[in-house]
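Please read the structure below before turning to the comments.
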Amino acid sequence: IFRETLSKRGVRIITGLGKYFRQIDKNRNGFLSQAALKEALKLFHLEMPEGDFESLWLILDDSKSDKVDYGEFTHTIFGEMNEYRKAFVRKAYMKLDFNKTGSVPMVDIRKCYCAK
């Protein structure tokens, strides 16, 4: 049910969740507590019965650390990118990594991309 709801409103929800998580992640570690995830789901009208939330949390927190990585959360919910999107991301990365070093400094990203 959770995936179905996200697939209907997916892009707006994930964009909004990402923005919200960055706002509440004060120490910038990329992790979410159980309470933060529950509050976010409520805020974005993705509430679910407590038993379903507990099941979701067990899947997301497989390391039993009482926190989940936001990247893992989105990967778990949406799965792997399709080949078209992967090719598009690779193409964009190759443009950003014009020195072919295998990493892209933030300063180079700022030269090519404006998130406004």
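Going by average Cβ neighbours within 10 Å, how do the peptides 19-29, 51-61 rank, with the highest at the top? Walk me through the intermediate numbers first.
Working: 19-29: 10.5, 51-61: 14.1.
Top of the packing list down: 51-61, 19-29.
Where does each of 73-81, 98-106 land if you order them by average Cβ count within 10 Å, highest first?
73-81, 98-106
What are the residues whose amide H is under 5 Å from the amide H of residue 69, where those residues sit 5 or more places off or on another chain and H is modelled from the backbone?
Placed amide hydrogens put 32 under 5 Å from residue 69.
At 10 °C and 1.306 mPa s, grab the translational diffusion coefficient of the chain from Stokes-Einstein with a Kirkwood Rh over Cα pairs, rounded to a whole number in µm² per second. Each step should come with its number before you reach the end.
Numbers: Rh = 16.2 Å.
This corresponds to a translational diffusion coefficient of 98 µm²/s.
On a straight-distance basis, which lysines could pair with residue 111 in a cross-link, Cα separation under 18 angstrom, same-chain partners fewer than 8 positions away excluded?
Straight-distance partners of residue 111: 91, 95, 100.
Using a 1.4 Å probe, what is the accessible area per residue for the chain, in Å²?
76
The values are calculated or read from the model by the stated rules, or taken from the named source; none is laboratory data. Everything numeric here is computed off the predicted structure, so don't read it as measured data. In this analysis, Cβ positions are derived from the backbone assuming ideal geometry, glycine residues included, and neighbour counts consider all displayed protein chains. All accessible areas refer to the heavy atoms of the entire protein, side chains included, with ligands and DNA or RNA removed. Shrake-Rupley method; radii C 1.70, N 1.55, O 1.52, S 1.80 Å.
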